[in-house]
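What follows is a single structure, written as structure tokens, with notes after it.
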Amino acid sequence: MRRIPKTISIIVPTYNEAATLPAILSMVKHANTMRLRKQIIVVDDASSDTTRRILKKIKGITVVSHRKNRGKGAALRSGFARAKGDIILIQDADTEYSPKDYPKLLEPFFESRADVVYGSRFRGSEPRRVIYFSHHVANQALTFYSNLLTNINISDMECGYKVFHKNVLESILPSLVSNRFGIEPELTAKVAKLKHVRFFEVGITYQGRTYAEGKKIGFLDGLRAVLEITYFNLFT
């Protein structure tokens, strides 16, 4: 039986999120992590706004800086490489995902049940902001296609909240290659291929943004995701 976790590494990839970064890092610092000691790692993916200046003023965090913008996947890989916690949690730097959901995401680990926990914007009764129908359809289509190839039944493959036991993440970290948003299907595909991994999903709150508010993912990213789901499930 796996021992009860004592520490958590929270990876915060950021690119030009100066407007929301101070608020989200304050929330992360004060979030309930079920008595787990926090390691907060912020990966600045060569932001061109005031992100660097903001991070210099915030104490109690580890900052990793990229000289060139490489994408979310590259930022996460840099963060994963420095993570020391028993549990590793991904936290986006915008305010779409609330750290208030940490207890729900962590609870399955404390009952010695989970190796991986995904958040879901489409399960449970938690409130979520309703914005783009096209995004909902795209997310459902991509999740369906991913499930078809992985044979695991999740409802929200693209959800930003993904939490891993350290041993699981360490086993796939050397093989991770995605630089952009392809990291979402790549993580799912490679975890699904591991034997005896206990996979859980919990409903989360969601405060989606419009493009005017800073939403970055677009139509071309959806098309790339189809190719990435195919590649990482069938050819790696």
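Contact order, relative form, for the chain: 24 percent (alpha carbon pairs under 8 Å, 6 or more residues apart, mean separation divided by residue count). Most tightly packed first, judged by the mean number of other beta-carbon atoms within 10 Å of their residues, the peptides 22-29, 100-107 read 100-107, 22-29.
For the range 97-228, the relative contact order comes to 42 percent (Cα pairs under 8 Å, sequence separation of at least 6). Restricting to the chain, what percent of DSSP beta bridges are antiparallel, rounded to 5? So the antiparallel bridges amount to about 20 percent of the total. In the structure shown, the pairs LYS6/LYS162; LYS38/LYS59; LYS57/LYS166; LYS68/LYS166 are assessed against 23 Å; a Cα-Cα span above that value is assigned to LYS57/LYS166; LYS68/LYS166.
I'd like to know which of GLY124, ILE11, PRO108 lies farthest towards the positive end of the charge dipole of the chain, counting +1 on Cβ of Lys and Arg and -1 on Cβ of Asp and Glu. My answer, from the dipole projection, is ILE11. Across the range 55-157, the mean sequence separation of Cα contacts (distance under 8 Å, 6 or more residues apart), normalised by length, yields a relative contact order of 16 percent.
Taking the helices alone, the chain has a mean residue ellipticity at 222 nm of -11500 deg cm²/dmol, built from -39,500 (n - 2.57) per DSSP H run of at least 4 residues and averaged over all its residues. Rounded, prolate or oblate, given the Cα gyration tensor of the chain, with a/c below 1.5 counting as rounded? Rounded shape, in that the Cα axes give a/c under 1.5. Select from GLN140, VAL177, TYR97 the residue farthest towards the positive end of the dipole of the range 86-214; place +1 on Cβ of Lys and Arg, -1 on Cβ of Asp and Glu, and compute about the Cα centre. Going by the charge dipole, the pick is GLN140. Rounded to the nearest 20, the Cβ-based charge dipole of the chain about its Cα centre (Lys and Arg +1, Asp and Glu -1) stands at 900 debye. Mean-square fluctuation check for the chain, GNM, Cα pairs under 10 Å: which of ARG180, ARG128, ARG35 is largest? It is ARG35. What is the range 99-209 by shape, rounded, prolate or oblate, if you read a ≥ b ≥ c off the alpha carbon gyration tensor as root eigenvalues and call it rounded for a/c under 1.5, prolate for a/b larger than b/c, and oblate otherwise? Oblate shape, in that a/c is at least 1.5 and b/c is the bigger or equal ratio. Among the chymotrypsin sites (Phe, Trp or Tyr not before Pro) in the range 159-212, those placed in a DSSP loop whose Cβ has at most 12 other Cβ atoms within 10 Å are TYR211.
For the range 139-195, the Cβ-based charge dipole about the Cα centre amounts to some 200 debye (Lys, Arg positive; Asp, Glu negative; other atoms uncharged). Which FRET efficiency value, to the nearest 0.05, is calculated for LYS6 and ALA141 with the Förster distance at 45 angstrom and r the Cβ-Cβ distance? So the FRET efficiency works out to roughly 0.70.
Computed from the coordinates by the stated procedures, all read-outs in this text should not be read as laboratory data. It should be emphasised that the depicted structure is a prediction, and the values quoted were computed from it without experimental measurement. Counting neighbours? That spans all protein chains shown, and the Cβs are built from the backbone with ideal geometry, glycine included.
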